[in-house]
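Student: What follows is a structure written as C-alpha cells; I'll ask about it next.
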Amino acid sequence: MATTIRRAVIPAAGLGSRLLPLTKAIPKEMLPVGDKPVIEHTVRELVASGITDITIVVSGGKGLIQDHFRPNPTLVAQLRTDGKTAYADAVEEVGELSRLGHITYLDQHGPYGNGTPVLNAARNIGDEPVLVLWPDDVFVADVPRAQQLIRAYEATSCPVLALLPMDPADSQRYGVPRVKEDLGDGLLRITGLVEKPKPQDAPSAYAAIGGYVITPGIIEELRRQTERWYEHRTGEIYLTDAINAYASSKAVYGQVIQGRWYDTGNPLAYLTAQFAHALADPEYGPHLRRLAELTEDRP
C-alpha cells in the first residue's frame, strides 16, 4: 500500500530573469494572476489536495513571499474596525493558508539547478514521497493537478510526472517522455525524458510540465549527482537527470493531467495567464470582452 503523501516542496529560489525588469525588486512568485500572487495559486492547490506540510525553498530577496503568507492580525483588526469586512476576510484567509499548509521556509544552498532545492528540502522530509510543484505555474482543473498526481502515485507506489498532450512542433520547449506502456485513464509507464528534442526526434506526443511525485529513490539519485558535482565542479543538478537515472532500472509513471496549464515564467505566458484568468472572472470577464470588441473595431 502506497504511503500517504502529506508533504510538498515549492522551489522558489530562481531569479526570474526572463521577466526582468519586472522582477528586479519583486520576486516572480509574487506577481499577480488575478487577485492572488502566482505562488498562492500553487499553495491553494496543495492545501486543497490534502497536503499538510509545505516547504518553500527560497533565496535572498524573497522576503515578500514570507510576508504575504504570514498572518497579520493587526491589519485584519484595523480593516474590521473600518468596516472593510471583505478585505479583512481575504487577508485572514491568506494567513490561514500558512497554518493549514504548515508552511516553512528553507534557504537554498549548493550547486545551481532545479534539483538542488528538492535535495535541500529532503533532509526535512525523511523516507517518504513528496510532491514538487513549481511556483510560477497556474493550473485550472475540476480536480487539482496535485490531487491527480497523488491518485496516480497511490495506484503505482512509484514516481509520477505530470504530462500534457503536446503539439509535436513544440517539442523543443519541453522534456518529452519515452512511453513504454499506456495503462489507461491517462496513466503511462515511461522510461525517462528527452530534453527539448527536435520534432522529428520526439519520442512521444506528451510534454512533462510542472508537477512531480518524488520518491526517496529519486532523492538518492540527486545526492549522487551532487557528490559528483562537488568532485568535478561542473554542470548543474537537474531533476530530469535524476529521474532518467532512476528510470533506467525502476518504474516511473506519467499522468496526463485533466485541466488547463498556464506557465507564467516569461512575458507572453504571464500575460496569457492574466488575460485568461480575467476572462473567466464573472465580474471582469464581460467588461474585458466588450473592451476587446471595441479595440477590434478601431481602424
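The values are calculated or read from the model by the stated rules, or taken from the named source; none is laboratory data. This is a predicted model, so every value here is computed, not measured. Every residue, glycine as well, gets a Cβ built from its backbone with ideal geometry; the counts of neighbours run over all protein chains shown. Ligands, DNA and RNA are stripped out before the accessible areas are found, and what is left, the full protein with its side chains, is counted by its heavy atoms. Shrake-Rupley method; radii C 1.70, N 1.55, O 1.52, S 1.80 Å.
Student: Among the numbered conditions (1) surrounded by fewer than 20 Cβ atoms within 10 Å (Cβ to Cβ); (2) under 20 Å from Arg151 (Cβ atoms); (3) touching a residue at least 60 places away in the same chain (Cβ under 8 Å); (4) touching a strand residue (DSSP E or B) at 6+ places or on another chain (Cβ under 7 Å), tell me where Asp182 comes up short.
Tutor: Among (1) surrounded by fewer than 20 Cβ atoms within 10 Å (Cβ to Cβ); (2) under 20 Å from Arg151 (Cβ atoms); (3) touching a residue at least 60 places away in the same chain (Cβ under 8 Å); (4) touching a strand residue (DSSP E or B) at 6+ places or on another chain (Cβ under 7 Å), Asp182 violates only (3).
Student: Inside segment 193-235, can you point out the residues that are open to solvent by less than 60 Å² (accessible area, probe 1.4 Å), assigned to a helix (DSSP H, G or I) and more than 20 Å from Ile10 (Cα to Cα)?
Tutor: Scanning segment 193-235 gives Pro199, Gln225, Trp229.
Student: Of all residues in segment 138-156, how many are among the aromatic types (Phe, Trp, Tyr) and either open to solvent by less than 20 Å² (accessible area, probe 1.4 Å) or within 23 Å of Ser248 (Cβ to Cβ) (or both)?
Tutor: 1
Student: Which residue pairs have Cβ atoms closer than 9 Å, lie 6 or more positions apart in sequence or on different chains, and pair a first residue in segment 19-38 that is more than 16 Å from Asp263 (Cβ to Cβ) with a second residue that is open to solvent by 60 Å² or more (accessible area, probe 1.4 Å) and not in a helix (DSSP H, G or I)?
Tutor: Qualifying pairs under 9 Å: Ala25/Gly61; Pro27/Gly61.
Student: Taking segment 162-175 as the region of interest, how many residues are in contact with a strand residue (DSSP E or B) (Cβ under 8 Å, 6 or more places away or on another chain) and surrounded by 12 or more Cβ atoms within 10 Å (Cβ to Cβ)? Steps first, answer last, please.
Tutor: Taking segment 162-175 first, the residues in contact with a strand residue (DSSP E or B) (Cβ under 8 Å, 6 or more places away or on another chain) are 162-166, 170-171, 173-175.
Right, trim to surrounded by 12 or more Cβ atoms within 10 Å (Cβ to Cβ) and you get 162-164, 166, 170-171, 173-175.
Count: 9.
Student: Could you identify the single residue in Pro129, Pro135, Pro117, Pro159 that is modelled with pLDDT of 95 or more and either among the β-branched types (Val, Ile, Thr) or buried (at least 19 other Cβ atoms within 10 Å of the Cβ) (or both)? Please lay out each step first, then the result.
Tutor: Values: Pro129 fails: modelled with pLDDT of 95 or more; Pro135 fails: modelled with pLDDT of 95 or more; Pro117 fails: modelled with pLDDT of 95 or more.
That would be Pro159, the only listed residue that is modelled with pLDDT of 95 or more and either among the β-branched types (Val, Ile, Thr) or buried (at least 19 other Cβ atoms within 10 Å of the Cβ) (or both).
Student: Restricting attention to segment 241-274, and to residues there that are assigned to a loop (DSSP other than H, G, I, E, B) and of a type in the set (Gly, Ala, Ser), which single residue is least open to solvent (accessible area, probe 1.4 Å)? Please lay out each step first, then the result.
Tutor: Residues of segment 241-274 that are assigned to a loop (DSSP other than H, G, I, E, B), as a first pass: 248-251, 257-259, 264-266.
Going one step further and asking which of them are of a type in the set (Gly, Ala, Ser), we end up with 248-249, 251, 259, 265.
On the way: Ser248: 96, Ser249: 87, Ala251: 23, Gly259: 45, Gly265: 6 Å².
In this case the residue turns out to be Gly265.
Student: With a cut-off of at least 1 residues that are surrounded by 15 or more Cβ atoms within 10 Å (Cβ to Cβ) and of a type in the set (Ser, Thr, Tyr), name the strands (runs of 3 or more DSSP E) lying wholly within segment 1-107.
Tutor: Details: elements: 7-12, 53-58, 103-107.
Qualifying strands (runs of 3 or more DSSP E): 53-58, 103-107.
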